[in-house]
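The values are calculated or read from the model by the stated rules, or taken from the named source; none is laboratory data. As the structure is a prediction and not an experimental result, all values here were calculated from the model. Here the Cβ positions follow ideal geometry from the backbone for every residue, glycine too, while neighbour counts run over all protein chains shown. Just so you know, the surface numbers come from the protein's heavy atoms only, side chains and all, with ligands and any DNA or RNA stripped out. Shrake-Rupley method; radii C 1.70, N 1.55, O 1.52, S 1.80 Å.
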Amino acid sequence: MTSRIEKLNDKVARSFFGRYFQLENSGHRRERAGTKFTTEIRAGLTIFFAMAYIISVNASIISESGGTCVCNSTSADPTCDKDVAYMQCVYEMKLDMIMATSIIAMISSVIIGVFANLPLGMAPGMGLNAYFTYTIVGFHGSGNVTYQTALAAVFLEGIIFLVLSILGIRQWLARVIPMSIKVAMGCGIGLYLCFIGLQSSAGIGLVTLDFATLVTLGGCPKEALDQYGVCQWGEMESPTMYMGLLGLVIMSLLLMFKVRGAILIAIITIAITSWPRNSTITYFPHTPQGDSMFNYFKQVVTVHNLQHVLGKFNFDFTTKDIWIALVTFLYVDILDTTGTMYSMARYGGFTDPSGDFEHSTLAFIGDACCITIGSCFGSSSCTAFVESGAGIAEGGRTGITALTVAFGFFISIFFSPIFASFPPWSTGPALIVVGSMMTSSVRNINWDYPGDAIPSFITMAVMPFTYSIAYGVIGGIFAYIILNGVVLIIDKASKGRIHPDYSQREDWWTAVMSRSFVPLWIRYLIAKSRREQFDWHQDEFDFEESQPPKQSTSPSPVVDNEVTSTSTLTPTSIDKN
């Protein structure tokens, strides 16, 4: 069996397909070491099952906006919760969104895999979908912006992102972020993933809401939760929580013994045990909601015509609320996606010292296209999923992983009742494990210099505590600018007599400034206008030989040269094995 797999890997690697995706032994000038076809497939399946929850979760959240359904509100029922016809329309929209979410994720993952050759899963982003529904459109359309107008704002956001990516502005923003903060972004995302995996909405339910301390130890049965999600009794008595912990133990042990597909095996095992209805750990309890979920699960194969979501645009930008929403979508999405993509690329081991990663321009252009495509199918912004780290941990390094994710979502278009029935306590352990893997790079942050260490710590801490990757990046960048800006002002004002010990400072800017910020295609046009030879590979780098930025060996030019160089901890390349 092993020899057959090896022959398959070798045959695929030597084909045009393997060469295009830079598999090992493919003969590509920049083949990625250690990559094998079967490993990429396994990694893609792992990512798919880890993020399959988005099929039902995104549909549930977006459908609560009411979509195109018309609510004839009354004083007794302002949000039409008791209107049978309206609620039936909302339910039909939810079923449409289940299929639409699968289509969006499929198309987006194909784009990022084929054009950017990155092992990322793409789908409508969590957080932004909640902002879209509850803040912009409002629950059952109770906000100031209609569903159709909000979709038009998302469509326009994608167009703006496309222009920014073509001009190289998004890549420029990714590169100028200090290296320690970029490392901290990956660690913060790891903590953020763990926090999600510990909650009940997409995790094992070990952590619940507490009005005094915000969060507390939970693990109580679902019937013990009040309307706000606070445990009233039965802490640590939930059977499903213990199933989640069992999945975490199984996953961890399999990883310790280096079993291939460890994360995927644990997810499927726990999911299957949760499907029978005659048990206390069932995902389909004997309740109206459970009956509805089980009836949908039994359909196995189903499709919808997307009549409530497809192409529902209204380009009415006459209100200030829609412009506020557009600006918010822009800055949150640009920081969220930039942080996620860079962190996944670093975790996969294909970043360079200048703060860039391979095919970054194509990745950002593809992401912009995915946002626009998502709006066409009635959803909020599409983005790279942090669950991609689960596949990278399984060995995924190329776009074949993304294509496998896309294939999983293609199957889920028809088998959405099955894939929408993976309980959160089966996928939650994967988020916790991947979170621990991503946080391991914390050792590469420059902790010796407070000007690097404190902003990095703020970046890590703010992400899980605000439930936002973007806010963590903003907090870290502002802290870095304020702290180091004040030091620079004092340094210049004192003519170099007053300054901290620069020998421990991280010199990230030397590598960043060593490469041009002008996009490659613009440099080509300039060279062509001058009738000069042009090297299309001038920005390429060797991942295996790339070195981290060196520490400063002297203070800035305006201060004295008495400070000597010392050895400090700097970011290093992640071991791809």
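Residues checked against (1) surrounded by fewer than 20 Cβ atoms within 10 Å (Cβ to Cβ); (2) closer than 20 Å to G188 by Cβ:
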site: T459; (1), (2): no, yes
site: P464; (1), (2): no, yes
site: I477; (1), (2): yes, yes
site: V487; (1), (2): yes, no
site: S494; (1), (2): yes, no
site: H499; (1), (2): yes, no
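In the stretch 258-272 there is at least one residue matching the filter, namely being out of contact with any helix residue (DSSP H, G or I) (no Cβ under 9 Å at 6 or more places or on another chain) and open to solvent by 40 Å² or more (accessible area, probe 1.4 Å).
Residues that are more than 18 Å from F115 (Cα to Cα) and either modelled with pLDDT of 80 or more or under 14 Å from the mean Cα position of the chain (by Cα) (or both) were ranked within the stretch 341-373; the one that is most open to solvent (accessible area, probe 1.4 Å) is Y347. Could we say that T287 is farther than 27 Å from G391 by Cβ, open to solvent by 50 Å² or more (accessible area, probe 1.4 Å) and out of contact with any Asp or Glu (no Cβ under 6 Å at 6 or more places or on another chain) here? In short, yes.
Of the residues L306, L330, the single one that is open to solvent by less than 40 Å² (accessible area, probe 1.4 Å) and within 19 Å of T383 (Cβ to Cβ) is L330. Taken as a whole, the condition of being of a type in the set (D, E, K, R) and farther than 30 Å from E387 by Cβ does not apply to R443.
At least 2 residues that are touching a Lys or Arg at 6+ places or on another chain (Cβ under 8 Å) and more than 30 Å from P285 (Cβ to Cβ) in each: list the helices (runs of 4 or more DSSP H) lying fully within the stretch 352-466 that qualify. In the stretch 352-466, 450-466 are the helices (runs of 4 or more DSSP H) which contain 2 or more residues that are touching a Lys or Arg at 6+ places or on another chain (Cβ under 8 Å) and more than 30 Å from P285 (Cβ to Cβ). Among the numbered conditions (1) farther than 18 Å from I281 by Cβ; (2) surrounded by fewer than 22 Cβ atoms within 10 Å (Cβ to Cβ), the only one that S180 does not meet is (2).
The numbered conditions (1) touching a residue at least 12 places away in the same chain (Cβ under 8 Å); (2) open to solvent by 10 Å² or more (accessible area, probe 1.4 Å) are all true for G138 except (2).
The residue list S60, S73, S56, S26 contains one member that is hydroxyl-bearing (S, T, Y), surrounded by 13 or more Cβ atoms within 10 Å (Cβ to Cβ) and modelled with pLDDT of 85 or more, which is S26. Scanning the stretch 442-457 for residues that are open to solvent by less than 20 Å² (accessible area, probe 1.4 Å) and of a type outside the set (D, E, K, R) yields a count of 8. Applying the criterion of being aliphatic (A, V, I, L, M) and assigned to a loop (DSSP other than H, G, I, E, B) to the residues of the stretch 242-288, the residue that is nearest to G395 (Cα to Cα) is V259.
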